[in-house]
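The structure appears right after this line, and notes come after that.
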Amino acid sequence: MEKIETLNNQISNLTQETTQKDKKIEYLTEQISNLTKQLQDAEKEIQTITQENNNLNNQLEQTREEIENLPTQLNDTTQQLETAKDQINNLTQQLDEAQQTIETLNNTIKELTKPPLNTTITINPIKSSIGSITKITANIQDENGEKVTGGKAIFKINGITLKDENCNIIYAQVKDGIASINYKVQNVWIKNTTYIEAVYSGTENYTSSRTKQNGILNITKGKVTITIDPTATTAKAGQTITLRAKVLDANGDRINNDKVIFKLNGKTLKDKKGNTLYAQIINGEAILNYTIPATYSAKTYTLTAVIGGNYYQRTETNGTLTLEKKAALITPNSISTKNKKTTVKATITDETGQPLATTTKLAFKVNGKTINNANSKNVKIDLSFTTTLRPGLYELLIISGENGVYKTGKVTTVLKI
């Protein structure tokens, strides 16, 4: 029994030991499981650390590249800073300009919104002569007595606006309070009733104004130059000639609305009634058709052209006119002899067929011997003389003597006795 009890005790002990070993095995198994897990975790952590290490290496490499690129980036950054500085300077300048523009606009707004200043205009006295170029000047001031700049002015004489050669109104720009134009003095300005006006247009800053002034025009007769056309330098008594004179004013322009008289050796040319002959000046030329008296002697005369009317100073010039002698023409009509009395009938005219204007001496020659003298005042010659010539044919020469107007005239015919 004891042996069985001993065996049971041993079995119990063994069972208890087995139980303890099982627990220990279970404990060890659990420890192994934990260690296995820890090992797995460690492997994962190693993998993570390895990955992190790789990442760090990559970051290190990237950082190294970035460090290597830093000088280039620094240069780029420096250029960007310079560009930014320039942009800042430009922006600053633009800002200053914008501020100046704003200030200018504000001033402009002030100028535009303020009412325009009143103005006064006056004209300077004018002293000149007809035909001369004179300066017409107006002075424009504002209500504060300051000189006006801006706008334009026009001038009028006797209410007529001054215009240029193309009939365009002449405008004078106003600067520093002055508006002026150059204009040729006209004939009508010399009248005492002549008045002048000036009209200022005004601007956004100044009102318009005008003035009308009398008695400030001091206009005298103009100077002229006069020349005689040299084409009509020779003529003959009784001939109608055309006398021409060219008349220019002080500016060298052709004048109108005046007249010229002509003189020969100081004697004014007149018509048959004794009235002075005037040549009207048209476009700078005076023309007179004049018939030279038939009794004027052939010689050189002093031809004078004179101007001196209401508008221009008396001016004269001299030329010459040479009168040539005219031919005397004798035409025998009939010659007869009866009872030793010979009658000669003929006509005598000038070269134009007109009667002689002056008495002419006649001589009759037979075979070169003068047998009679006479005077002729008419166209017809009717002369009788006694002859003692024997019957036959003779040469009869009729001579018209030379004088101050006519040349010698001769004709030869046959005298039958």
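Values quoted throughout were computed directly from the atomic coordinates according to the rules given, and no laboratory measurement underlies them. Not measured: the values here are computed from a predicted model. Glycine gets a Cβ as well: all are built from the backbone with ideal geometry, and neighbour counts include every protein chain shown.
Taking R0 as 25 Å, what's the FRET efficiency between residue 81 and residue 103 from their Cβ-Cβ distance, rounded to 0.05?
Plugging the Cβ-Cβ distance into 1/(1 + (r/R0)^6) gives 0.15.
So how far apart, in nm, are the two label points at residue 152 and residue 48 if each is 7 Å from Cα heading toward Cβ?
Roughly 9.6 nm, to one decimal.
Show me the trypsin sites (Lys or Arg not before Pro) within the range 236-291 that DSSP assigns to loop and that have at most 11 other Cβ atoms within 10 Å of their Cβ. It would help to have the intermediate numbers written out before the result.
Values: sites: 236, 244, 246, 254, 259, 263, 267, 270, 272, 273; in loops: 272, 273.
Here the trypsin sites (Lys or Arg not before Pro) that fit, given the DSSP loop and packing criteria, are 272, 273.
Give the separation of the Cα centroids, the range 6-65 to the range 107-160, in Å.
Between the Cα centre of the range 6-65 and that of the range 107-160, the gap is 117 Å.
Just tell me which lysines come within less than 26 Å, Cα to Cα, of residue 23; anything on the same chain fewer than 8 places away is out.
Output for residue 23: 37.
Once you order the gyration tensor axes a ≥ b ≥ c over the Cα atoms, which shape class does the range 47-197 get: rounded for a/c under 1.5, otherwise prolate or oblate by comparing a/b with b/c?
Here the range 47-197 falls in the prolate category.
Taking θ as phi - 60°, what are the ³J(HN,Hα) couplings along the range 284-294 by the Karplus curve (6.51, -1.76, 1.60), each to the nearest whole Hz, with x for Gly and Pro?
x, 9, 9, 10, 9, 8, 9, 9, 5, x, 5
Report for the chain the percent antiparallel among DSSP-assigned beta bridges with both residues inside it, nearest 5.
Rounded to the nearest five, the antiparallel share is 90 percent.
Around residue 129, which amide H atoms from residues at least 5 apart in sequence, or from another chain, sit under 5 Å from its own amide H, with H modelled in the peptide plane?
Under 5 Å from the amide H of residue 129 lie the amide H atoms of 220, each far enough along the sequence or on another chain.
What's the FRET efficiency of residue 227 with residue 359 using the Cβ-Cβ distance as r and R₀ = 35 Å, to the nearest 0.05?
Computed FRET efficiency for residue 227 and residue 359: 0.35.
With +1 on each Lys and Arg Cβ and -1 on each Asp and Glu Cβ, how big is the dipole of the range 224-324 about its Cα centre, in debye rounded to the nearest 20?
It comes to approximately 400 debye.
Relative to the longest principal axis of the C-alpha atoms of the chain, give the angle of the C-alpha long axis of helix 2-113, reported between 0 and 90° and rounded to the nearest 10°.
20 degrees
Expected output is a single nm value to one decimal: the length gained when fully extending between residue 15 and residue 373, i.e. 0.36 nm times separation in residues minus the C-alpha distance. What is it?
Net length gain for the segment: 106.8 nm.
Using Cα positions and a limit of under 19 Å, work out the aspartates and glutamates in reach of residue 377, with same-chain residues fewer than 8 apart set aside.
Qualifying aspartates and glutamates at Cα under 19 Å: 350, 351, 402.
Normalise the Cα radius of gyration of the chain by 2.2 N^0.38 Å (N = residues in it) and let me know the number.
3.08
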